[in-house]
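Beneath this line is the structure, given in structure tokens, with notes to follow.
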């Protein structure tokens, strides 16, 4: 376990002062970059790829840490930045090692529960449903993201033709299976039927986007389900640019599959009502996240009648302020 240290204020972050480390997964990159961009414009992004057996046990330490990166990987070498932000298990290994290799000169922030003692990092940012607590642990309700009024305005500008679609515009964000939450044929059919029923009740148009995790076998069914409705259906790159920013910017109401903490958090950041459809019991942490969103009025059943707007869930700036305070950053 690292020795505790007293961190003195280090002043304004200098150029190239923040490393962002992930495994390259879109959701992890999005969270780490969102926090980094809220702290400094000087960012270097690094994708961490560990060799076995280090990758099997990350972020736990094994002997010969330098060998984990391969002999030709020079990405994690000094000069060290003032701050390193990681998201994901292999990135947690990297931020832990950087803190040790730099003798504490590089401050480290790890996003998501690293599954080991958080004292290996200067700060850990873990959502409430991870149930991780400690003096150096921050607990947002959802996942970090860059969505604010300016981001939504950019999304509307990038997909300006969506303004001509009949209202109300129903945004539909489709994820995929995760542990304990299948998205097979029956689950997807039930979800699509529920979305069509909501559209039939409200009228207007649909703005539909699948994700990287949506099973390929279900994509034709998604296109078929909305083929006769006004709107846009995006299932893969052959359909053109991913309209996700435009959907969040233009939707009057959003329906999100229950599996994705990131998509639910980002939908809730828009300030529009957010709904989901749950056809089977959710696993523990995901069920807790849903319950917390519902408790504060941010998530609703798919057929629930709501107001046209709700308080947006925007936590990134507040978490960034706490990072500055804890680490003595200007």
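Given the C-alpha centroids of region 96-138 and region 271-330, what is the distance between them in whole angstrom? Measuring centre to centre over Cα atoms gives 23 Å.
Taking only alpha carbon atoms, region 149-301 gives an Rg to Rh ratio of 0.93, where Rh is the Kirkwood radius. Helix 89-101 and the long axis of the chain differ in direction by around 20°, with both axes built from C-alpha atoms. When peptides 240-253, 307-320, 200-213 are ranked by their average number of other Cβ atoms within 10 Å per residue, the highest-first order is 240-253, 200-213, 307-320. As an equivalent ellipsoid, region 253-302 spans semi-axes of 16, 11, 10 angstrom, where each value is the square root of five times an eigenvalue of the C-alpha gyration tensor, largest first. Treating each Cα of region 59-216 as an identical point scatterer and summing with the Debye formula, the log10 of I(q)/I(0) at q = 0.12 Å⁻¹ comes to -0.80. Considering only alpha-carbon pairs that sit under 8 angstrom and 6 or more positions apart, the relative contact order computed for the chain is 18 percent. Principal-axis analysis of the Cα atoms of the chain puts helix 185-202 at an angle of about 60° to the longest axis. Computed from the C-beta positions of residue 25 and residue 219 and an R0 of 25 Å, the FRET efficiency is 0.75 to the nearest 0.05.
Compared with the direct C-alpha span, the chain from residue 237 to residue 115 gains 40.4 nm at full extension, assuming 0.36 nm per residue. Among beta bridges from DSSP that stay inside the chain, the antiparallel ones total about 5%.
Straightening the chain between residue 197 and residue 296 buys 33.1 nm, computed as 0.36 nm per residue apart minus the Cα-Cα spacing. So in region 149-301, what percent of DSSP beta bridges are antiparallel if you round to the nearest 5? Bridges in region 149-301 are about 5 percent antiparallel.
The numbers here are math on the coordinates, done by the rules we state, and not lab data. Here the structure is a predicted model, which means the values were calculated and not measured. Glycine also receives a Cβ, built like all others from the backbone with ideal geometry; neighbour counts cover every protein chain displayed.
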